[in-house]
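What follows is a single structure, written as structure tokens, with notes after it.
Please treat every number below as a calculation from the coordinates, not as lab data. Since the structure is predicted, the reported quantities are computational estimates derived from the model, not experimental observations. As a convention, Cβ positions derive from the backbone with ideal geometry for all residues, glycine included, and neighbour counts pool all protein chains shown.
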Amino acid sequence: MNNIEAKAKLEAYGQLHLLDWYDEISEFEQCQLLEQIDALDMQLLDVFKKYQQNNEVPRGKLEPMGALTIEEIAENHDKFESAGLEAIRHGKIGAVLLAGGMGTRLGFDKPKGMYNIGLTKNLYIFECLIHNLMQVVDQAGAFVPLFIMTSEKNDEDTREFFAEMKYFGYNPEYIHFFIQDTAPAVDADGKILLEEKGKIATSPNGNGGWFSSLIKAGLLNVLQREEIEWLNIFSVDNVLQKIADPCFIGATILSGCESGSKVVSKADPEERVGVLCLENGKPSIVEYYEMTPEMIASREPDGRLSYNYGVILNYLFQTKKLTELLNNQLAVHIVNKKVPYINKNGEFVNPTEANAYKFEKLVLDMIHLQDSCLSYEVDREKEFAPVKNAEGVDSVSSARELLQKNGIEL
Ligand code: UTP
């Protein structure tokens, strides 16, 4: 794109200020800026306008959804596990690690997976995850292709770290890194921010961008060539989770559902967790802040909470279905955050309070695009130790405690 084309694109959306410093910056920076402008998705600005007018799409009819309980899973364990192991041995299963987040709450300036959670020895978060996956590889006698999504901001560090650590014993031929897409940040007037005079302020576009980013990176080839039918999507921060869990895979395949989600029973009705439910008869995730007090308190005849099953970001999706859904627009969520920027006078400002809005797509919205989803209950004490915060709930110390409870030496 040349600067005349860029001007035309920006003018139509009242964003010409992005070229305010164009004549001052180097030729290299000019090229970079033009590339960024070319890639800008202007539809996001319409989304922002709607958001400001409070025109968000209302939710459909929400109803509770049960789960395959821990007891039911235990009764069918061998059957589920052997179906899952067979799928793994036939190369039908891939795993996708979502590691493109900024990890701001943890306050660690490297990729979250590089955090050392050990006490008497080094034990990195990435190491815990690879160790968990390795147990399945050993059990199945077959490697599971692992796709690792990074962001522009943490890609280099992540790749270098894995290489330095010799992939924690995983076969690197089965590891594929890819970078997730970004989205720009805007101010309260919907003006896109510059983080440098020749650079638009962008950040990772939320974990829902994983499949389109994977395709953009050319990895559909690998999925098709290897005939990978199911992808297990998981987050970087749950150090206890089972990855490519044969029992979960087998149960989902045998259920005939289009997708699967691991869930935990809520610790208490008010727990701040997204809950798997039905929306207009289709699986969907309702966030804790979207639930009415009646929904939160509602109980089934057996005493269990009606909206009981919280998601833990561990899903199974079918590659075929994801490919069909590629052109389906996922909802864009808008979040208010601190974003450093260049002001009208060309000065760099590092705000102390949230000053900007970012656009994010969420993997949990992919569940509602599925006709069915197996809700698969796991024991939170054994499979849910997220590292989100530096202290308190879901923190390094709570995760350490759970790791130790599960016999993992720190
Ligand atoms: P979180 O919602 O916890 O976000 O991500 P975060 O960015 O890691 O942390 P905070 O909110 O800044 O503290 C849940 C999972 O989704 C991934 C994260 O890496 C984590 O595994 N994620 C999140 C992405 O891969 N890309 C994103 O743009 C956002």
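Estimated from helical segments only, the mean residue ellipticity of the chain at 222 nm is -8500 deg cm²/dmol, where each DSSP H run of four or more residues counts as -39500 (n - 2.57).
For the residue pairs Lys49/Lys153; Lys266/Lys338; Lys7/Lys49; Lys320/Lys361, alpha carbon separations beyond 25 Å are given by Lys49/Lys153; Lys266/Lys338. Computed from label points 7 Å out along Cα-Cβ, the spacing between Glu294 and Gln52 is 3.5 nm. Note on Ser397 and Asp78: the extension gain reaches 111.4 nm, defined as 0.36 nm multiplied by sequence separation minus the Cα-Cα distance. Near Tyr124, the amide H atoms lying under 5 Å from its own belong to Ile117; only residues 5 or more places off or on other chains count, and H is placed 1.01 Å from N. With 32 Å as the limit on Cα-Cα distance, the pairs of Lys216/Lys337; Lys321/Lys405; Lys61/Lys405; Lys166/Lys242 that go past it are Lys321/Lys405; Lys61/Lys405.
Summing +1 for each Lys or Arg and -1 for each Asp or Glu among the other residues whose beta-carbon sits under 14 angstrom from that of Glu27 gives -3.
Placing dummy labels 7 Å off each Cα toward the beta-carbon, the span from Cys31 to Lys321 is 4.4 nm. Rounded if a/c is under 1.5, else prolate if a/b is larger than b/c, else oblate: which is region 81-157, with a ≥ b ≥ c the root eigenvalues of its Cα gyration tensor? It is oblate, given that a/c is not under 1.5 and a/b is not larger than b/c. When the C-alpha to C-alpha distance is required to be over 29 Å, the pairs from Lys50/Lys110; Lys110/Lys282; Lys110/Lys197 that qualify are Lys50/Lys110; Lys110/Lys282.
Report the full-extension gain for the segment Ala331 to Thr69: residue separation times 0.36 nm, less the Cα-Cα distance, to one decimal in nm. Before the final figure, lay out each step's value.
Working: separation 262, 0.36 × 262 = 94.32 nm, distance 3.02 nm.
Here the segment from Ala331 to Thr69 would lengthen by 91.3 nm.
For the chain, the fraction of alpha-carbon pairs lying more than 32 Å apart is 39 percent, rounded to a whole number.
Can you tell me how region 47-122 classifies by the Cα gyration tensor, rounded, prolate or oblate, using a/c under 1.5 as the rounded cut? Oblate, since a/c reaches 1.5 and b/c is not below a/b. Ignoring aspartates and glutamates fewer than eight residues from Lys79 along the same chain, the ones with Cα atoms less than 17 angstrom from its Cα are Glu71, Asp245, Glu377.
Taking a virtual spin label 7 Å from the Cα of His131 along the C-beta vector, which residues in region 367-407 bring their backbone nitrogen under 17 Å of it? What the label zone holds, given the 17 Å backbone N cut-off, is 382-387, 396-407. Under a 5 Å amide H cut-off, with hydrogens placed 1.01 Å from N, Phe177 pairs with Ile148 among residues at least 5 apart or on other chains. Summarising the amide proton neighbourhood of Leu194: residues at separation of 5 or more, or on other chains, whose placed amide H is nearer than 5 Å comprise Ala201, Ile342. Along the axis of the charge dipole computed for the chain (Cβ charges of +1 for Lys and Arg, -1 for Asp and Glu, origin at the Cα centre), the listed residues Ile253, Leu19, Leu369 are led at the positive end by Ile253. For labels at Val222 and Phe348 in the simple 7 Å Cα→Cβ model, what's the distance in nm? Result for the modelled spin labels: 3.5 nm.
How much net charge surrounds Leu330 when only the other residues with a Cβ under 13 Å from the Cβ of Leu330 are counted, with Lys and Arg +1 and Asp and Glu -1?
-3
Computed from backbone phi, the HN-Hα couplings of region 190-204 come to x, 8, 5, 8, 9, 9, 9, 4, x, 8, 6, 6, 10, 8, x Hz, rounded to whole numbers (Karplus: 6.51 cos²θ - 1.76 cosθ + 1.60, θ = phi - 60°; Gly and Pro given as x).
Sorted by mean Cβ packing within 10 Å, highest first, what order do the peptides 195-206, 23-34 take?
Values: 195-206: 20.4, 23-34: 13.8.
Going from most to least packed, we get 195-206, 23-34.
Using a/c under 1.5 as the rounded threshold, could you call region 165-232 rounded, prolate or oblate? The axes a ≥ b ≥ c are square roots of the C-alpha gyration tensor eigenvalues, and prolate needs a/b larger than b/c, oblate otherwise. Prolate shape, in that a/c is at least 1.5 and a/b is the bigger ratio.
Full extension of the chain between Lys282 and Asp189 gives 29.9 nm of extra length, using 0.36 nm per residue less the Cα-Cα distance.
Applied to region 232-238, the Karplus parametrisation 6.51 cos²θ - 1.76 cosθ + 1.60 on θ = phi - 60° returns per-residue 3J(HN,Hα) values of 9, 8, 8, 8, 7, 9, 8 Hz, with x for Gly and Pro. Computed from phi, the 3J(HN,Hα) profile of region 294-302 under the Karplus parametrisation 6.51, -1.76, 1.60 (θ = phi - 60°) reads 5, 5, 4, 8, 4, 10, 7, x, 7 Hz, with x in place of Gly and Pro.
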